[in-house]
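Let me begin by presenting the structure, written as structure tokens, before commenting on it.
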Amino acid sequence: MNNQNLFVALRDAFPADLDQTAVETDEGLSYSWRDLDRATAMVANLLDSLELPAASRIAVQVEKSVEAMVLYLATLRAGHVFLPLNTAYQRGEIEYFIGNAEPAVVVCSPKNFGWVSQIAFTAGTKHVFTLGEDRSGSLLERAAHHGNQHTPAVRQDDDLAAILYTSGTTGRSKGAMLTHGNMRSNAEMLRAYWQWQPDDVLIHALPIFHVHGLFVAIHGALINGSKMIWMSRFDPKQAIARFPDATVFMGVPTLYVRMLAEPSLTPDQAAHMRLFISGSAPLLIETFNDWQTRTGHTILERYGMSETVMLTSNPCGPDARYGGATERRGGTVGFPLPGVTLRVMEDDAKPVPPGEIGGIQVQGPNVFKGYWRMPEKTAEEFTADGFFKTGDVGRVDERGYVTIVGRSKDLIISGGYNVYPAEIEAAINDMPGVMESAVIGVPHPDFGEVGVAVIIARPGAAVNPDQVIVGLKSQLANFKIPKQCHVVDELPRNTMGKVQKNLLREQYRGAFV
Ligand code: MCA
Ligand code: AMP
């Protein structure tokens with residue numbers, strides 16, 4: 001049914017027998033569908049009792065747990081807007097997100113309550129709860145006093161369901177506003193396109209503060225009424241050990257690289273699995289081929305963004321739109337998903353000739369509503385005829401497969417996390433003795449790509465690279481920290497004086513491989 005709360009669509013897909021297991025954790029805990037229904041009702045009732053304005057932001061920075069997922073579902077159920085925050089974010093980053101989003105409720109880990117609550121109360125947030133990975137904290141204590149029945153808030157397709165902050169090549173992070181309709185349409189379409197089966201079981205091994213783990217994985221399982229094997233953190237040995245009990249695995253390429261290093265990865269061990277899905281970063285063709293050799297399975301690579309959820313996918317079964325194509329082609333991200341229009345453009349208005357490279361633009365029911373309180377940024381990222389400019393550069397081959405060949409945005413994707421050089425450079429440039437810096441992405445065997453900082457010191461000043469790293473670690477999420485830092489006399493520049501990052505990338509490309 002169209003125009004409904006996303007929670008209702010997910011709840012409607014629960015199996016008739018609510019006593020079946022919905023989630024099994026790596027700690028040996030088991031949650032039934034009834035448990036999920038009741039727990040989300042209790043937390044939604046707690047949120048209702050706070051008498052928040054409709055569509056209040058609920059900002060959440062907690063460790064991965066089933067209860068954290070319950071909090072997400074309860075936020076939808078109560079009709080509020082979920083704002084997930086990476087646990088690696090530090091004080092300055094959290095201060096910005098809370099200041100910008102003005103959440104009515106903040107939920108943090110018990111160990112961070114001191115500093116997070118100080119930021120939240122200063123920003124005007126009235127309610128700060130805690131939630132620990134071991135089910136400790138005030139959120140569940142308070143929810144325990146509420147009833148386990150709850151009528152979901154009425155929400156329309158166009159109403160906000162979540163805000164996901166994505167950094168930018170210039171300026172501060174932007175909050176991508178995703179609606180109930182964006183996510184429900186994408187989840188329903190993926191259910192069909194990836195041919196979810198009644199007996200599918202998903203291994204959930206990703207963090208739940210970004211699109212991949214929170215939306216693609218959780219919605220995927222729930223909208224099919226499928227059980228999840230829940231891993232609080234990814235461990236390659238443990239994941240492989242659970243293959244015989246599961247059928248679907250979703251991961252960023254680093255997860256596949258790490259599993260390939262395990263001798264326990266064999267065709268026998270993977271025989272029960274139906275589908276391995278990769279996304280969030282480019283999957284190297286070597287990884288794609290090695291996985292085929294080692295397991296007999298062909299990884300299905302797909303492509304998406306925080307602003308759009310999923311955009312393209314290699315086929316799971318025959319795709320009638322493309323002559324019944326079934327081949328999952330390594331190095332490509334497959335076909336535009338049903339309902340998604342994708343075009344490759346020379347500039348905003350002019351398409352490239354077929355097969356040529358250009359900027360990827362997209363349109364569809366999955367494309368977000370805009371950036372939170374940034375109408376000008378939103379306008380900049382859409383064309384006059386309503387297409388979203390992804391910032392990715394690619395081509396579509398004669399069979400319809402999309403290949404991403406690069407990015408027009410200055411972005412490093414490290415282990416599936418986005419790192420914007422502009423943010424790191426700004427932090428380095430503020431350090432004593434630094435005149436200028438350039439942060440570039442270079443190939444890395446584990447993370448795919450990592451950052452390297454190249455710095456020029458002020459005349460007469462000495463800059464210690466180790467001190468730069470220490471300084472950055474105190475300010476920024478750990479995955480953003482460059483893995484190497486070099487102090488040099490000059491940076492390569494073009495005739496306009498602009499730093500030529502392509503030359504730096506060439507110079508340092510062998511740093512880790
Ligand atoms: C950890 N470290 C990293 C990364 N992760 N460095 C660079 N890139 C990373 N991704 C560093 C830490 O800073 C630390 O360094 C050291 O590695 C160990 O940290 P630890 O937390 O123990 O690492 P880990 O547990 O081994 O984590 C690696 C990981 C993780 C499992 C690959 O990064 C991960 O879960 N990545 C998945 C990200 C994801 O879900 N992305 C989806 C985004 P030090 O010791 O020096 O501090 S959604 C998206 O992109 C779109 C929409 C889409 O299409 O899906
Ligand atoms: P995010 O801002 O975290 O949503 O990251 C979105 C970006 O991740 C996209 O714009 C792409 O650059 C990249 N991305 C996601 N999936 C893939 C993929 N399969 N191959 C290459 N890049 C990808």
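In this model, which of LYS64/LYS480; LYS377/LYS473; LYS64/LYS473 are farther than 27 Å apart at the alpha-carbon?
Details: LYS64/LYS480 20 Å; LYS377/LYS473 29 Å; LYS64/LYS473 22 Å.
Distance filter (> 27 Å) returns LYS377/LYS473.
Report the charge-dipole magnitude of the chain in Debye, nearest 20, computed about the Cα centre from +1 at each Lys and Arg Cβ and -1 at each Asp and Glu Cβ. If you can, show how the numbers build up before the last one.
On the way: 46 positive and 56 negative charges, 78 e Å.
Magnitude of the dipole: close to 380 debye.
Mean projection of the Cα convex hull over all viewing directions, computed for segment 246-298: 3.2 nm². Model label points for LYS126 and ARG91, set 7 angstrom from Cα along the Cα-to-Cβ axis, are 2.8 nm apart. In terms of its C-alpha gyration tensor, segment 1-101 comes out oblate, because a/c is 1.5 or above while a/b does not outweigh b/c. Between the beta carbons of ASP347 and LEU503, assuming R0 = 30 Å, the FRET efficiency works out to 0.75 to the nearest 0.05. Ranking LEU164, ALA205, THR266 by how far each Cα lies toward the positive end of the dipole of segment 145-295 (charges on Cβ) leaves LEU164 at the top. Legend: calculated FRET efficiency, VAL513 to LYS473, from the Cβ-Cβ distance at R0 = 25 Å, rounded to 0.05, equals 0.55. By DSSP, the beta bridges lying fully in the chain are antiparallel in about 60 percent of cases.
Dipole magnitude for segment 404-470: computed about the Cα centre from +1 point charges on Lys and Arg Cβ and -1 point charges on Asp and Glu Cβ, it is near 120 debye. In this Cβ point-charge picture (+1 for Lys and Arg, -1 for Asp and Glu), segment 373-513 has a dipole of about 80 debye about its Cα centre. Taking every DSSP bridge with both residues inside segment 228-374, close to 70 percent are antiparallel. For a modelled paramagnetic label at ASP134, 7 Å from Cα along Cα-to-Cβ, the residues of segment 105-119 in reach, with backbone nitrogen under 20 Å, are 108-114. Please report, as a whole percent, how much of the solvent-accessible surface of the chain comes from carbon and sulfur atoms (probe radius 1.4 Å). That share works out to 51 percent.
Across the chain, the fraction of Cα-Cα pairs farther apart than 32 Å, rounded to a whole number, is 43%.
Placing a pseudo-label 7 Å from each Cα along the Cα-to-Cβ vector at VAL488 and ARG321 gives an inter-label distance of 4.4 nm.
When the alpha-carbon atoms of segment 318-470 are used, the pair Rg, Dmax equals 19.9, 67 angstrom.
Counted over all Cα-Cα pairs of segment 380-513, pairs farther apart than 21 Å make up 48 percent. A simple packing score, the average count of other Cβ atoms within 10 Å per residue, orders the peptides 4-17, 453-466, 75-88 as 75-88, 4-17, 453-466, with the highest score first. Note on ASN289/GLN149: beta-carbon distance plugged into 1/(1 + (r/R0)^6) with R0 of 60 Å gives a FRET efficiency of 0.70.
Site pair ALA16 and GLU51 shows an inter-label distance of 4.3 nm when each label is modelled 7 Å from Cα along Cα→Cβ.
Between rounded, prolate and oblate, where does segment 51-97 land on the alpha carbon gyration tensor, with a ≥ b ≥ c its root eigenvalues, rounded for a/c under 1.5, else prolate if a/b exceeds b/c? Verdict is oblate for segment 51-97.
Defining a contact as two alpha carbons under 8 Å apart and six or more residues distant in sequence, what relative contact order in percent does the chain show? Numbers along the way, then the final one.
Values: 1081 pairs, mean separation 59.6, N = 513.
Relative contact order of the chain: 12 percent.
Here the convex hull built on the C-alpha positions of segment 91-245 has a volume of 178 cubic angstrom per residue. Computed over segment 118-194, the alpha-carbon pair-distance distribution with 5 angstrom bins reads 3, 10, 9, 12, 20, 21, 15, 7, 2, 0, each value a whole percent. Mean sequence separation of contacting Cα pairs (under 8 Å, at least six apart), scaled by the length of segment 371-451, corresponds to a relative contact order of 19 percent.
Inverting the mean 1/r over all pairs of different Cα atoms, compute the Kirkwood radius of segment 175-307 and quote it in Å. Don't jump to the answer; show the numbers that get you there.
Details: mean 1/r = 0.0664 Å⁻¹.
It is 15.0 Å.
For segment 364-415, the normalised intensity computed at q = 0.29 Å⁻¹ comes to -1.13 (log10 of I(q)/I(0), Debye sum over alpha carbons, equal scatterers, no solvent).
Show that you can apply the helix-only estimate: for the chain, add -39,500 (n - 2.57) for every DSSP H stretch of four or more residues, divide by all residues, and state [θ] at 222 nm to the nearest 500.
Numbers: 15 runs with 140 residues, N = 513.
Theoretical 222 nm ellipticity from helices: -8000 deg cm²/dmol.
The values are calculated or read from the model by the stated rules, or taken from the named source; none is laboratory data. This one's a predicted model, so the numbers in the text were calculated from it and none came from an experiment. Every residue, glycine among them, receives a Cβ derived from its backbone with ideal geometry; neighbour counts consider all protein chains shown. In case anyone asks, the SASA skips ligands and DNA or RNA and just uses the protein heavy atoms, side chains included. Shrake-Rupley method; radii C 1.70, N 1.55, O 1.52, S 1.80 Å.
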